[in-house]
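The values are calculated or read from the model by the stated rules, or taken from the named source; none is laboratory data. Predicted, not measured: the structure shown is a model, and the values here were computed from it. Positions of Cβ are backbone-derived with ideal geometry, glycine not excepted, and every protein chain shown enters the neighbour counts.
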């Protein structure tokens, strides 16, 4: 079993406590001078307990990676601008497919090379691809053909190309470049 790293504990504790403060409404209560000391103390205790048991499983790389302001801004930009645009494009495409009289689909599985080295970056890209309608990331494997390069196997509702690089550009869009700025 992996040992508990103090940096991992602290980062999970801070994230857990901030989440606690948001879901209990204490963030806004502080600004109104109505914060409950009991709720805040309970949040500290619960966050510490959760961090103690789960930090070793959540943090595999640099614990304070997102504390860099540039990375945090890139993450916010991705979540507010890049991903929603890709999501809307995929939803519009799926709506046209569903509403057209001749159902235009060509389903299949394509191999897509991924240039992200970080496990977090790869997971974020795989989840982003799966969340956009028409695609599902089925597997992420190290491809012996390309050395240590990771490849995703993606089920795509309308395979436009079997060529891995071309299919990757159509599926990943701007997401991989934006995720690289966050995690690498």
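Which of the residues spanning the range 21-42 are closer than 24 Å to residue 65 by Cβ and surrounded by 14 or more Cβ atoms within 10 Å (Cβ to Cβ)? The answer is 21, and nothing else. Only residues that are outside any loop (DSSP other than H, G, I, E, B) and either touching a residue at least 60 places away in the same chain (Cβ under 8 Å) or surrounded by fewer than 18 Cβ atoms within 10 Å (Cβ to Cβ) (or both): list them for the range 4-15, please. Once the filter is applied, which keeps residues that are outside any loop (DSSP other than H, G, I, E, B) and either touching a residue at least 60 places away in the same chain (Cβ under 8 Å) or surrounded by fewer than 18 Cβ atoms within 10 Å (Cβ to Cβ) (or both), the range 4-15 yields 6, 7, 10, 14, 15.
Counting only residues that are free of Cβ contacts under 8 Å to residues at least 12 places away in the same chain and touching a strand residue (DSSP E or B) at 6+ places or on another chain (Cβ under 7 Å), the range 115-170 holds 3 of them.
From the list 101, 107, which one is loosely packed, with under 13 Cβ neighbours inside 10 Å and modelled with pLDDT of 90 or more? Going through 101, 107 in turn, the sole match is 107.
Among the residues making up the range 126-164, those that are part of a helix (DSSP H, G or I) and modelled with pLDDT under 90 are 144, 145, 146, 164.
Residue 18 meets each of the listed conditions (1) under 23 Å from residue 120 (Cβ atoms); (2) surrounded by 15 or more Cβ atoms within 10 Å (Cβ to Cβ) apart from (2).
I'd like to check something: does the range 127-141 contain any residue that is surrounded by 15 or more Cβ atoms within 10 Å (Cβ to Cβ) and more than 19 Å from the chain's Cα centre (by Cα)? The answer is no, given that none of the residues of the range 127-141 is surrounded by 15 or more Cβ atoms within 10 Å (Cβ to Cβ) and more than 19 Å from the chain's Cα centre (by Cα). Of all residues in the range 56-103, those being under 17 Å from the mean Cα position of the chain (by Cα), over 17 Å from residue 134 (Cα atoms) and assigned to a helix (DSSP H, G or I) number 17.
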